[in-house]
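Since the structure comes first, as structure tokens, the remarks are kept for the end.
The values are calculated or read from the model by the stated rules, or taken from the named source; none is laboratory data. The structure displayed is predicted, hence computed values, not measured ones. Note that we place each Cβ from the backbone using ideal geometry, even for glycine, and neighbour counts take in every protein chain shown. Please note that ligands, DNA and RNA were not included when accessible areas were found on the heavy atoms of the full protein model with its side chains. Shrake-Rupley method; radii C 1.70, N 1.55, O 1.52, S 1.80 Å.
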Amino acid sequence: MNPFHYKKDIQKIIERYLFGKATAEEILFVEEYYKFLGKAEDDLSSGNVDEIQKLEEENFKAIQQKIASFKKSKTISFYRYASAAAILILIGSGFYFFLKTDSISKTSNLTVNKHLDVLPGTDKAILTLADGSKIVLDEKTSANISDKDGIKITKTKDGQLVYTVLNRENFDKKNVSYNTIQTPKGGQYQVILPDGTKVWLNAASSLKYPEAFVGNQRSVVLTGEAYFEVAKNKAMPFHVKSLNQDVEVLGTHFNINGYMDDEIIKTTLLEGSVKVSNLKSTRILKPGEQAVAGLSGNSAIRLVTDVDTDDETAWKNGLFQFNDSDLKIILSQLERWYDIKIDYSSIPNKRYNGMVPRKSKLSEVLKMLEKTGNIRFELKENRQLKVLPENQ
């Protein structure tokens with residue numbers, strides 16, 4: 001059985017559970033499976049994979065009998081993690097994690113003073129207006145930000161920056177001004193552009209855009225990561241320029257991840273159609289496909305089909321979600337969201353599958369990572385996180 005099919009099915013159930021969207025049968029499944037895992041965890045320290053699998057078999061049969069409404073095909077897909085990995089779920093703490101490992105440590109050895117713990121990121125950003133003035137966007141910012149030259153800028157209670165064009169006659173190609181919204185590490189924000197396009201901006205990212213779209217195309221510039229729901233306008237295609245790449249759309253939903261330290265740029269399509277171009281090549285994406293290229297414009301665009309779009313957009317829905325992800329990639333995400341410094345000098349070669357709510361404290365996420373065994377973290381006062389050698 002393919003362990004990733006198993007993972008994807010159960011991840012979707014857990015995600016619906018965490019956000020209160022699970023059916024009665026799914027809630028029952030999660031709670032019954034959690035009871036089993038509570039018993040199984042007592043045997044994890046022994047490292048006896050055969051015994052753990054045997055216990056899982058016996059308990060899962062009981063769960064199958066109790067949840068008769070589950071379809072047979074889906075229920076069986078939950079049955080076994082083919083790579084003999086341990087499965088840990090801590091629903092009470094808001095965690096769900098698949099941990100691929102050969103040995104599991106029951107206790108966490110996290111070296112962190114509780115007074116040094118780091119809270120998760122929040123809705124915050126800095127808006128730079130055309131005249132160079134800067135406005136801090138957070139919960140304290142007033143609702144009415146600007147109302148001049150035919151453009152009204154407001155902030156909603158739930159952290160959205162909204163542009164409203166009051167008088168289009170004031171604008172032409174020559175006098176359009178640009179604004180920039182920038183999120184720091186530990187911040188995220190949403191902006192509704194003058195054409196109605198919605199943009200979710202991840203941590204350590206920025207978006208430059210005109211106060212009003214004029215002419216025969218709409219164009220914005222992205223640094224970092226953002227999710228777009230582009231308002232349809234066939235007469236005025238929408239362009240996202242990011243590093244050496246251009247994405248052209250008419251109206252669609254897609255995600256662009258182009259952090260410099262990740263060394264690649266990924267464009268993932270959820271709905272509609274987009275054209276991704278750089279100096280080397282051009283690709284037309286269909287829903288569920290992804291364009292991957294190096295940061296250099298001379299890097300050919302590689303097409304990836306059958307992408308798990310939930311993994312790519314989990315951040316927008318308040319989750320860290322990993323699909324056989326390298327520990328270094330995971331730590332880079334934590335670095336941006338918790339505004340910490342990572343010491344990458346001794347990162348072990350470990351991979352993870354699972355999800356954790358982004359609202360979790362840093363220590364809670366690190367403790368789950370430590371459950372894999374043979375790994376420890378140390379968080380210092382200067383917010384520097386270090387992976388300790390396995391023999392310490």
When every residue in the range 120-148 that is touching a residue at least 60 places away in the same chain (Cβ under 8 Å) and outside any strand (DSSP E or B) is compared, the one surrounded by the most Cβ atoms within 10 Å (Cβ to Cβ) is G121
- Query: Would you say L303 is over 29 Å from K124 (Cβ atoms), at pLDDT 95 or above, aliphatic (A, V, I, L, M) and surrounded by fewer than 19 Cβ atoms within 10 Å (Cβ to Cβ)?
  - Reply: yes
Problem - Any hit, the range 339-349, residues being at positive phi, among the acidic types (D, E) and either outside any loop (DSSP other than H, G, I, E, B) or open to solvent by 10 Å² or more (accessible area, probe 1.4 Å) (or both) - result: yes
The residue from I264, I256 that alone is among the β-branched types (V, I, T), modelled with pLDDT of 95 or more and under 24 Å from T309 (Cα atoms) is I256
In the range 293-314, anything within 17 Å of the chain's Cα centre (by Cα) and assigned to a strand (DSSP E or B) is listed as none
Only one of L319, L285 is aliphatic (A, V, I, L, M) and out of contact with any Pro (no Cβ under 9 Å at 6 or more places or on another chain), namely L285
All conditions in (1) of a type in the set (A, V, I, L, M, F, W, C); (2) crowded, with 17+ Cβ neighbours inside 10 Å; (3) over 19 Å from the mean Cα position of the chain (by Cα) are true of L279 except (2)
